[in-house]
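To start, the structure itself, in structure tokens.
The values are calculated or read from the model by the stated rules, or taken from the named source; none is laboratory data. If you're wondering where the values come from, they're calculated on a predicted model, not measured in any experiment. Positions of Cβ are generated from backbone atoms using ideal geometry, with glycine treated the same way; all protein chains shown enter the neighbour counts. For accessibility, only protein heavy atoms count, side chains too; no ligands or nucleic acids. Shrake-Rupley method; radii C 1.70, N 1.55, O 1.52, S 1.80 Å.
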Amino acid sequence: MAARVLIVDDEKTFRVAAQAGLAAEGHEVRTAASGGEGLAAAREFAPDVVVLDRNLPDADGLSVLARLREEGGDDAPLVVMATAYGEIENAVQALKAGAIDYLTKPIQLNALVVTIEKALDARRLRRRAAGLSVTSRRRLERGFCAGSSAAMRAVLELVEKVAASPDTTVLVEGETGTGKQLVAHLVHVKTTGRRDAPFVELNCAAIPETLLESELFGFERGAFTDAKRAKPGLLEEAEGGTLFLDEVGDMPLATQAKLLKVLETQVFRRLGGTRDLGTDVRFVAATHRDLAAEVRAGRFRLDLFHRLDVFRITIPPLRERPEDVVPLARFFLTDLAARAGKAISGLAPATERRLGAYAFPGNVRELRNVIERAVVLEDGAVLGEGSVILRGERGAAPGTGAAPPGSDGPPPSLAEVERAYLEGLLQRAGGNKSQVARWMGVSYPTVQKKIADYGLEAGRATGDGEPSGS
């Protein structure tokens with residue numbers, strides 16, 4: 001794998017020989033003769049690997065290593081420390097400080113090549129570990145597969161088929177909340193040759209247009225005002241794995257044209273860059289929009305639509321497969337009750353009937369949120385229907401102030417139910433709006449606005465706990 005390598009060493013002979021030898025191996029190489037030059041080159045060049053001399057004329061290599069790690073953050077380069085023969089203590093110090101390996105001088109070219117390859121392999125393994133970390137979500141994916149309807153069996157059959165074709169572009173369609181992200185993830189983890197590499201997601205609707213291209217393609221130092229150092233984009237982060245373009249129907253037309261070129265050529269450039277970079281990723285795109293209609297309206301490129309629409313998977317809404325509701329609810333209950341530390345053994349028969357009769361306009365996501373709220377509210381050994389609050393219905397949990405199912409008298413308005421529900425959750429959360437937002441499955445600003453709209457602000461100042469954005 002070709003990489004960017006920076007040689008920081010005050011010996012000119014070594015720099016020249018190393019640059020020629022590594023360039024012959026396909027690497028892009030730059031050199032620096034001092035710590036200061038090395039740091040400046042790293043900011044501009046964004047190397048993958050730095051070969052760093054421990055004894056530099058203007059700095060100790062350990063201090064340069066610390067700066068590289070501090071300035072690079074999560075994108076810091078791998079560092080191979082070069083030490084004088086016999087200075088084993090220095091090598092140990094370098095490894096403790098974050099170097100990935102060390103070489104003793106005089107350095108042989110073949111040893112340098114092998115060590116850099118080992119460092120790059122280690123980086124790939126780290127990225128694969130990041131990809132494998134998503135396996136912690138496979139249990140939720142199994143929950144997505146808990147439905148046994150013919151419609152879902154057909155979806156899973158399509159997933160299995162396309163998983164056998166690791167380069168085929170996939171377009172996942174479905175209403176909001178049907179589980180498009182989980183289908184994309186399932187395609188990834190079932191694809192041999194890609195499952196051990198990263199699964200990287202880009203939500204095209206959640207990122208401002210001005211930042212979308214820099215997130216996708218990365219940028220070089222100086223590409224724009226705040227580009228103090230180069231940064232790889234998600235195309236590079238997903239190398240070997242899957243790049244999931246969620247809500248691709250919201251991608252701006254200018255970015256669509258650049259994405260089309262990547263799909264056609266597997267080549268791209270960072271913003272402000274002059275060098276073509278290759279990419280090896282599977283593209284999975286998802287949208288809740290009708291892309292054909294978006295094409296007719298002039299909001300989506302026809303050529304990009306055809307490039308994405310190679311293998312289409314359409315997820316049916318939950319209302320079209322009601323036989324999946326109870327199995328999914330049971331799965332979510334098992335998972336969420338365990339997380340909450342509650343011994344809730346199952347769903348009461350009345351709860352199952354009530355859930356099965358509801359249309360779930362918010363699909364699987366709404367069902368999960370309903371069960372999560374019910375788990376929070378339930379104090380018994382089984383999940384009773386009194387703890388289940390469904391959008392637009394009269395039912396509310398005990399303590400919310402709304403009439404339960406079957407109560408006499410005129411039904412309360414939806415606003416009254418929501419106000420009572422919100423007030424009850426605020427009481428249970430001790431006024432912590434962040435917790436209320438999590439229970440309701442909405443954003444923190446939405447909770448703030450509803451509290452203000454319903455005049456519930458008084459006495460809620462304590463325990464506010466605004467979220468950090470996660």
Exercise for the section: Could you tell me whether region 249-272 includes any residue that is assigned to a helix (DSSP H, G or I), modelled with pLDDT under 95, exposed (fewer than 15 other Cβ atoms within 10 Å of the Cβ) and among the polar types (S, T, N, Q)? Expected result: yes
Practice task
Mind telling me which of the residues Thr83, Thr115 ends up being modelled with pLDDT under 85, more than 30 Å from Thr191 (Cα to Cα) and of a type in the set (S, T, N, Q)?
Solution key: Thr83
Exercise for the section: Only residues that are touching a Pro at 6+ places or on another chain (Cβ under 9 Å) and either open to solvent by less than 10 Å² (accessible area, probe 1.4 Å) or of a type in the set (Val, Ile, Thr) (or both): list them for region 325-363, please. Expected result: Phe360, Asn363
Handout entry: From Arg289, Arg299, residue being within 23 Å of the chain's Cα centre (by Cα), part of a loop (DSSP other than H, G, I, E, B) and touching a residue at least 40 places away in the same chain (Cβ under 8 Å)
Key = Arg289
Practice task
Six or more apart or on different chains, Cβ under 7 Å: which pairs go from a residue in region 245-260 that's farther than 16 Å from Ala184 by Cβ and free of Cβ contacts under 8 Å to residues at least 60 places away in the same chain to one that's polar (S, T, N, Q) and open to solvent by 30 Å² or more (accessible area, probe 1.4 Å)? Could you list them?
Solution key: none
Handout entry: Scan of region 1-18 for residues that are open to solvent by less than 70 Å² (accessible area, probe 1.4 Å), farther than 18 Å from Glu220 by Cβ and either touching a Gly at 6+ places or on another chain (Cβ under 7 Å) or not acidic (Asp, Glu) (or both), ordered by number
Key = Ile7, Val8, Phe14, Arg15, Ala17, Ala18
Problem - Residue within region 139-161 that is touching a Phe, Trp or Tyr at 6+ places or on another chain (Cβ under 6 Å) and either farther than 26 Å from Gly233 by Cβ or modelled with pLDDT under 90 (or both) present - result: yes
Problem - Out of Asp309, Asp290, sole residue that is open to solvent by 80 Å² or more (accessible area, probe 1.4 Å), touching a helix residue (DSSP H, G or I) at 6+ places or on another chain (Cβ under 9 Å) and of a type in the set (D, E, K, R) - result: Asp290
